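Written below as C-alpha cells is the structure these notes are about.
The values are calculated or read from the model by the stated rules, or taken from the named source; none is laboratory data. This one's a predicted model, so the numbers in the text were calculated from it and none came from an experiment. Here the Cβ positions follow ideal geometry from the backbone for every residue, glycine too, while neighbour counts run over all protein chains shown.
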Number of protein chains: 2
Amino acid sequence: MSDRAKVIFQPSGRRGEVEKGLSLIEASRQLGVDIEALCGEKRVCGKCKVRIEEGAFEKFGIVSRRTNVSVWQEEEGKFITPSQRQEGYRLGCCCKVEGDLLVFVPEESRAGKQVVSKAARDIPITWDPAVKVYYVEVVEPTFEHPTGDLERILEELHRVHGLKDLRIDYLALQKLPVRLRGKDRWKLTVYVWMDQEIVRVLAGDQRQNHYGMAIDIGTTTVAAYLCNLTSMEVIETVSMMNPQCKYGEDVMSRITYHMMNKDGLKRMSDDMIQGLNSLVRQACEGTHPPKKKGKKTYLSLNPNDLVDLTIVGNTAMHHILLKLNPEYVGLAPFPPVIHRSLDIKARDLGIKINESAYVHVLPNEAGFVGADNVGVLIAEEPYKSDEVQLIIDIGTNGELVLGNKEKLISSSCATGPALEGAQLSYGMRAAPGAVERIKIDPDTHEVDYKVIGRDAWRSYSKPEEMKTKGICGSGILDVLAELYRSGVILKSGKFNPVQKSSRFRKNPETNQPEFVIAWKEESSIGKDVVITQKDIRQIQLAKGALYCGCKLMMRRMGIEKVDKVKIAGAFGTHVDREKALMMGLFPDCDLDRVISVGNAAGDGARTALLNRGKRQEANWVARNVEYIELTVEKDFQQQFMQAMQIPHMKDPFPHLKNLVPDHILNQK
Amino acid sequence: MSDRAKVIFQPSGRRGEVEKGLSLIEASRQLGVDIEALCGEKRVCGKCKVRIEEGAFEKFGIVSRRTNVSVWQEEEGKFITPSQRQEGYRLGCCCKVEGDLLVFVPEESRAGKQVVSKAARDIPITWDPAVKVYYVEVVEPTFEHPTGDLERILEELHRVHGLKDLRIDYLALQKLPVRLRGKDRWKLTVYVWMDQEIVRVLAGDQRQNHYGMAIDIGTTTVAAYLCNLTSMEVIETVSMMNPQCKYGEDVMSRITYHMMNKDGLKRMSDDMIQGLNSLVRQACEGTHPPKKKGKKTYLSLNPNDLVDLTIVGNTAMHHILLKLNPEYVGLAPFPPVIHRSLDIKARDLGIKINESAYVHVLPNEAGFVGADNVGVLIAEEPYKSDEVQLIIDIGTNGELVLGNKEKLISSSCATGPALEGAQLSYGMRAAPGAVERIKIDPDTHEVDYKVIGRDAWRSYSKPEEMKTKGICGSGILDVLAELYRSGVILKSGKFNPVQKSSRFRKNPETNQPEFVIAWKEESSIGKDVVITQKDIRQIQLAKGALYCGCKLMMRRMGIEKVDKVKIAGAFGTHVDREKALMMGLFPDCDLDRVISVGNAAGDGARTALLNRGKRQEANWVARNVEYIELTVEKDFQQQFMQAMQIPHMKDPFPHLKNLVPDHILNQK
C-alpha cells in the first residue's frame, strides 16, 4: 500500500498527492488551498469545517470514501452538528488523510477573501421597480361597515394610489389581521408586485424598508448585488464560487453529470439554492444604514426584507437552477426548455428571501446564449445604437453579440474556462498570491511579476515576501503575450527550442515542456509555479474559439470592421486591451474603441430589478436576436485552426509594430 | 383510588365512566362508539388504531395522559410506526384504560359507514370549468428553428385554440421536456387554468383524464364531490367528521382554542388539511370508469389527476383552514380578514392533488355568513328570482338569506349543533343505530321508532334486533314534535308532570328529568337511550334562534310572508317539513312552497368547479348581499324568548289543527 494519497479540493479544483497522515489543513497548504484556521489548528475555533465527498469520481480517477480519513474526534462535535456529520463534515485540523479524498471546502471555510471582480458599475437606470411600497391608513370596522380587512386596504389603495384588481399572496394575507391591529393601528405599509399582487404588509410606515437582489450565476462564479429599491443604491456586493463546480467545471460536464446520475439535477440545483441562500444571508449581515454624524449605528437586514430578486445565468445554469432537464440544451439543435422570463415564488424555489416574494428569471436567447447574455444586452442596449457593436462576454463560455438597431445576431463559442485561469496547472481565482502582471526580458528570458495582495513587483521584493500561489484569469493573457513577445514561445504556441534562461525545462514526471514563472522560494505552496505547453494550448484554444466566432459573425453580417468592441465579464475588467489585440483575441479595432463593460450580465439583472420595463425589453430582445450556430458553418474547422495562431496571420495589426520585435512578428 | 375512569371518544364526543382494565374497544362499545375491529380483537388486523390525546381538558373535566393506559404491547409495533407511537397512537384491542382518557378515533378506524347525507343533487350547470384540456402536436426543433419547448407549445395553443399570453407553472415546466419526448413524440395534452396558466402537461392524448373536486367544510361534517370536469359527472362522494371537532364542537369554541393556544390555529388547520388529503385519497381509491360490457376494468384515479379544487365553508372554517387569524371574526363588529375569493396553489396549502393545481376558495359574505352561504346562493340563485325566497341553511350554525332579484339580505343565527344531533346526551351522527323516526302514543305515551340501517320499526322487531345507539339530527325534531303532540312535554318545553308511561323518570345520578326512547335491551350500548330536559332545552334554543332570525329579517324587508322556503343542509333533506312548521322552526308558509335543497353549499362549490363564470358571480353576490347583525336589534332578546315556545304563540298555524290535539294546542 502506498504511503501517499490523492487529494482534490473543491471548488478550487486544486489537487495532488500528499503523504498519508497529514491533517486536511496541512494537505490543503501543500496543494495551495486556503482553509480558514483562526486558532492555528488548536481545535478551538471550528472555522476549518470541510466536507468529505463520497463516491467514485471517474473524471479524477479517485474513489473518495468517508472511511479514508482518521476517526471522528470528540472536539469536532463542538462545531459540527449530527446532521452535518451525516453529510460528511469534519474539521480540517482534526481529520487526517488516510486514502484518496475529494474534499469540499465550503465558502465560509475559505481563507483569503476573493477580490470581487464582479463589482457593480454605475449605469443609468430609470426607477421603476417591480415591487413598490405604499403607505395606507384605513378606517376601523363598525357594525355599519364591517368590511373585511383586505377589502378596506384595497379600497384605500384604489382611492389614493389608483391601484385596482389587486390580489394578495396567501402568506401575506395571514399576516394582515395582526399587523393591521399592531401599535400603529389601522396603518400599514403595503408592498405591491407589478401592480398586481400584494406580497407583504408591515405595521405602520415602513416605506424605507425596501430591498431586492440581483444575481448573476456564472458557470464558475456567482455574484449578487443587494440593492435598495427606493434609492437604487447597491448596498452590498457578494460573490462565491459556483457550488456546482464539484460536479464538473464546465457546462457540458454538468449536463453529463445530470445524465449519469439519477438525482444529479436535484443535487446540483439544491447546492445552488443553498449557495444563493448563503449569499443572501452574507449580504444581509454585511449591511448597515449610512452612518449618521455622531452616532454610529450598524443594523443588519433580515432576508425577509428582500422583496424581489432577479437572476441571470447561461441557459444551462438557468435550467439546472430551475431543475429543468438540461439534456436537450446539450444536444443538437440545442433547444432550451423555455425562452421567456419566469416569475416564480421564492418559496417554490427554496430561496429564503421574503416568503411571498417572486424571483424573476430573465429569458434565454438560445441553448447556448442564455439569460446572462440577455442581461448584457439590456444593460448595453446595442439595439438602440447606430454603431455596429461587438459585445464579447467571456466567462467559462464565450458569448458574442454583433449588431446595432437594424439587426442583432448572437452566438456562443467554447472558450472553456482557460481565460479565467481554471484548468491550468497553476490557474487559480483572483485571490492574494495570484500572478496578475508579468514581464519577460527578451534578452535574458528572466521574469518579473506582481501578485494580487502585494504592491511591489518581484524585482523589488525578497523572494519569501511574494507568497505566490498561481496565475489568475487576468494574468493568463499577460503571461502568454510576454512569452510570445520575448520569444519564449513561437507563433504556433510551441516553446522556442532556443531558450536563454534555465526557466525552461522538461517536467521530470510528465516529460512535458514547461516554463517557471515563480521559483519555489517565492511561492507559498512549496513548489515552482510553472506554465506548461498544455496550458498554453488551452489558452490558444480559448482565444482561437473567440476570434473565429467573431470573424464568422462579421462575415454573416457582411462587415469587415466593427465600430466598437465591448468586453464584458471579469476578464474584460482586468485584461490589458493592447495585449488582447496583440494576441488576437478578437478582430482588429481602434484601441480607444475597445471598452470594458464589467459584469454587464449582472448589471442587466440589476437593471431588471430596478426597472420593470426592462423585463419586457428583455423578453423582446431575447426573441429578436438571431442566434447563429457557428459550428455548423462549413469552413468552421479551418477558421478555428487559423485563429489559434499568435497573432492571427490574416490580420497584421498595426499596433503590434510597437509592441513586438520584428523578428518575432515575422516568424513563419 | 376509584376503579372507574372517565373516557371520552372524539370526534363523536361520546363519553362516560368505564371500569378500569377494559380495553379501549370494550370501553368504546359500552359508550356506543364504533371502532373498526375486523379480527375480533385477535390483535392481527391493526384496524383499531386510536390516538390517546394528552393534556388537561377543562371543558370535559378530565386530565388525559398517555400513562393512563396499559403498557405498550409488542404486537402494536406491527401496525403503528414509531412516529405514530410518538403521537400517542395505540391499538384499541391492546391498550387498556387505567385512568381518565380522551381518545381520538381516526376516520379510518371508525366502523359503521356513515350515511352520506350530503349527496350531490342534480342541478343544471353550464359547462365551463376553470381548468380546460387541449391536445397539441408540435414540430420537432431544427437548427433553423431551435425554438424552446414551451414556446413551440404556446405557438400551437395560440394558432389552434386561440389562447395567448399563457404562463406556465414552474413545476409543470419541469415535466415538459421529458413528456414532450415520450413515446408520443411531440404530442401533448395541456391543462390550462382560467386561460392564463398551464398547470399540467401529459404525454400524448389524455384529454379524458380531467378531474376536480368540490369540498364543503362544515363545522361538524366535511363533504367532497369528485367530478369529471369533461362530463360534469359526480363520480364519487365522500365525507368525514370535521377533524377539528376535538378542539371544540362549535365555531366559537374553536376560535377560543386558537386564542388560548399558541399553535392552536396551525394545529386545527393542519388537521383539516390532513383530513382533506385523506378525503382526496379515499375518493380516488373509490373511483373506476363506467363498466364496459363484457370486460370489467376497475381503475383508480391518482390524486395527481385532480387539477382543480373548490372549497366552501363558513367564515371561521375558511379562516382556520387558511391559517387566517379568526379572532376578529368572533369579536364585534366581526370583520373577516378577507371577503373575496382566493386562488391558492394546492401545494402552498399542503393539499395533495396535482402539484401545480390551484385551489379556489369561494368568497365570504361577512364574519358569520361565509363562503358556504355564497355556495348556497350561486346554487339557488335567489337574485335571479321574482319570488321572495327564504333560504335556511342549517348546519352547526344557521345561515339565513331573504330576498329576490330586487334585494338580498343575509344573517346568521346561533342554532348550535343541537339540530344536527350533537351535544345531546344521546345525539349521534346519521349512522346505523341512530333513531331517525319516532311515534309516541298520546294515550299510553308508549314509543315506536325506526333506526338507520333497519327497515322494520321497533314494534315489528325483536328488541335485540334494533341495536339502537342514539338519536341523529333528522330524528331530533321528530322526537320533539312527538313528545309535544303526545303531551309528554308542554308548550314551554317542560316535561308534563302527568305522564302515562314509566318512560319518564328522574336520572338517579343527575336528578334531571328524562324520557326513555329505547330501553337497554334494544340498544347496542348496554344502556337506555334517553332524552333529557336539558336536551329539549338545547333544541328549543336552536329552533328559537332560527325562527326569531327569520322573523326579524322579514320585518327588515317589510314583508309578512315569504313566497318560498328553501331548507338547505343535511337537516333539510331529512326533516319532516310538516313537523318543522308545527314546531315553529321557521315562519308559516304553504307546505308545498317549503322545499329541501339538500347540500346547496356543496352544490355551489361544485357549480364553481364546473363553471368559472359562477366564481365571478359568487364574488359579485358576496359583496351585494346586505348582512344584518340580528343580535343588535333592540327587541332581539324578547323575540328570541317568544320564539323558543312550541309552537310560536303569535303564529297559530292552520296546519297544526290536524296534527296536534286541541287541548295541547290551547295550552297556556
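Looking across region A:203-221 at every residue that is crowded, with 24+ Cβ neighbours inside 10 Å and modelled with pLDDT under 95, the one that is nearest to A:GLY286 (Cα to Cα) is identified as A:THR221. The criterion of being surrounded by fewer than 12 Cβ atoms within 10 Å (Cβ to Cβ) and either assigned to a strand (DSSP E or B) or of a type in the set (A, V, I, L, M, F, W, C) (or both) does not hold for A:VAL50.
All of B:PRO129, B:PRO106, B:PRO82, B:PRO124 fail the test of being in contact with a Leu (Cβ under 7 Å, 6 or more places away or on another chain) and away from every other protein chain (no Cβ under 14 Å), apart from B:PRO129.
Being outside any loop (DSSP other than H, G, I, E, B), over 30 Å from B:LEU610 (Cα atoms), at pLDDT 80 or above and not assigned by TED's automatic domain parsing to the domain that holds B:GLY275 holds for only one residue in B:GLY77, B:GLY21, B:GLY99, and it is B:GLY77.
Selection of region A:405-424 for residues being modelled with pLDDT of 85 or more and either part of a loop (DSSP other than H, G, I, E, B) or surrounded by fewer than 20 Cβ atoms within 10 Å (Cβ to Cβ) (or both) yields A:LYS405, A:GLU406, A:LYS407, A:ILE409. Looking at (1) of a type outside the set (A, V, I, L, M); (2) free of Cβ contacts under 8 Å to residues at least 60 places away in the same chain; (3) assigned by TED's automatic domain parsing to the domain that holds B:VAL575; (4) assigned to a strand (DSSP E or B), can you tell me which one B:LYS439 breaks? In the conditions (1) of a type outside the set (A, V, I, L, M); (2) free of Cβ contacts under 8 Å to residues at least 60 places away in the same chain; (3) assigned by TED's automatic domain parsing to the domain that holds B:VAL575; (4) assigned to a strand (DSSP E or B), B:LYS439 misses (3) alone. Taking region A:326-348 as the range and being within 22 Å of the chain's Cα centre (by Cα) and more than 8 Å from chain B (Cβ to nearest Cβ) as the test, the residues that pass are A:PRO326, A:VAL329, A:GLY330, A:SER341, A:ALA346. Of everything listed in (1) buried (at least 17 other Cβ atoms within 10 Å of the Cβ); (2) polar (S, T, N, Q); (3) under 21 Å from B:ASN619 (Cβ atoms); (4) modelled with pLDDT of 95 or more, the single unmet condition for A:THR147 is (4). Among the residues of region A:153-173, those that are part of a helix (DSSP H, G or I) and either more than 8 Å from chain B (Cβ to nearest Cβ) or small (Gly, Ala, Ser) (or both) comprise A:ILE153, A:LEU154, A:GLU155, A:GLU156, A:LEU157, A:HIS158, A:ARG159, A:VAL160, A:HIS161, A:ALA172. Each residue in region A:447-460 was checked for being under 17 Å from A:ASP528 (Cβ atoms) and surrounded by 16 or more Cβ atoms within 10 Å (Cβ to Cβ), and 4 pass.
Of the candidates B:LYS78, B:LYS96, B:LYS49, the single residue that is touching a Pro at 6+ places or on another chain (Cβ under 7 Å) and either without any contact (Cβ under 8 Å) to a residue 24 or more places away in the chain or basic (Lys, Arg) (or both) is B:LYS49.
For region A:29-43, the criterion of a residue being part of a strand (DSSP E or B), closer than 20 Å to A:GLU249 by Cα and touching a strand residue (DSSP E or B) at 6+ places or on another chain (Cβ under 8 Å) is satisfied by no position.
Of the residues examined, A:ASN404 is one that is more than 13 Å from chain B (Cβ to nearest Cβ) and under 18 Å from A:ARG556 (Cβ atoms). A single member of B:LEU609, B:LEU585, B:LEU581 is closer than 30 Å to B:HIS318 by Cα, more than 14 Å from chain A (Cβ to nearest Cβ) and assigned to a helix (DSSP H, G or I), and it is B:LEU609. When A:ASP588 is tested against the conditions (1) assigned by TED's automatic domain parsing to the domain that holds A:GLN423; (2) of a type in the set (Asp, Glu); (3) touching a residue at least 12 places away in the same chain (Cβ under 8 Å), the lone failure is (1).
Residue count for region A:182-202 under the criterion of being among the basic types (Lys, Arg) and modelled with pLDDT under 95: the result is 2.
Without any contact (Cβ under 8 Å) to a residue 24 or more places away in the chain and of a type in the set (A, V, I, L, M, F, W, C), is that true of B:VAL529? Considered against the rule, which asks whether it is without any contact (Cβ under 8 Å) to a residue 24 or more places away in the chain and of a type in the set (A, V, I, L, M, F, W, C), B:VAL529 comes out as no.
In this structure, A:LEU176 does not satisfy being part of a helix (DSSP H, G or I), within 12 Å of chain B (Cβ to nearest Cβ) and in contact (Cβ under 8 Å) with a residue 60 or more places away in the chain.
Conditions (1) surrounded by fewer than 19 Cβ atoms within 10 Å (Cβ to Cβ); (2) closer than 22 Å to A:LYS405 by Cα, marked per residue:
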| residue | (1), (2) |
| --- | --- |
| A:GLN540 | no, no |
| A:ASP563 | yes, yes |
| A:ASP576 | yes, no |
| A:MET582 | no, no |
| A:GLY602 | no, no |
| A:LYS614 | no, yes |
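For region A:634-651, a residue qualifies if it is more than 29 Å from the chain's Cα centre (by Cα), modelled with pLDDT of 85 or more and either in a loop (DSSP other than H, G, I, E, B) or not assigned by TED's automatic domain parsing to the domain that holds A:LEU585 (or both), and the qualifying residues are A:LYS634, A:ASP635. Considering B:PRO463, B:PRO497, the condition of being farther than 14 Å from B:ILE531 by Cβ, in contact (Cβ under 8 Å) with a residue 40 or more places away in the chain and not aliphatic (A, V, I, L, M) is satisfied by B:PRO463 alone.
Scanning region B:182-240 for residues that are in a strand (DSSP E or B), among the polar types (S, T, N, Q), touching a Lys or Arg at 6+ places or on another chain (Cβ under 9 Å) and within 18 Å of B:ILE353 (Cβ to Cβ) yields B:THR189, B:THR237, B:SER239. Only one of the listed residues (B:ARG179, B:ARG200) is closer than 19 Å to B:LEU229 by Cα, surrounded by 18 or more Cβ atoms within 10 Å (Cβ to Cβ) and of a type in the set (Lys, Arg). That residue is B:ARG200. If you go through region A:386-393 one residue at a time, do you hit one that is closer than 25 Å to A:ILE559 by Cβ and among the polar types (S, T, N, Q)? Yes. Taking region A:182-197 as the range and being crowded, with 23+ Cβ neighbours inside 10 Å and over 12 Å from A:LEU150 (Cα atoms) as the test, the residues that pass are A:TYR191, A:TRP193. Residues that are surrounded by fewer than 21 Cβ atoms within 10 Å (Cβ to Cβ) and in contact (Cβ under 8 Å) with a residue 60 or more places away in the chain were ranked within region B:234-245; the one that is nearest to B:VAL337 (Cα to Cα) is B:MET240. With respect to being hydroxyl-bearing (Ser, Thr, Tyr), away from chain B (no Cβ under 11 Å) and within 22 Å of the chain's Cα centre (by Cα), A:THR310 fits the description. Of note, A:ASN209 does not satisfy the criterion of being more than 14 Å from chain B (Cβ to nearest Cβ) and either within 17 Å of A:ARG612 (Cβ to Cβ) or over 40 Å from the mean Cα position of the chain (by Cα) (or both).
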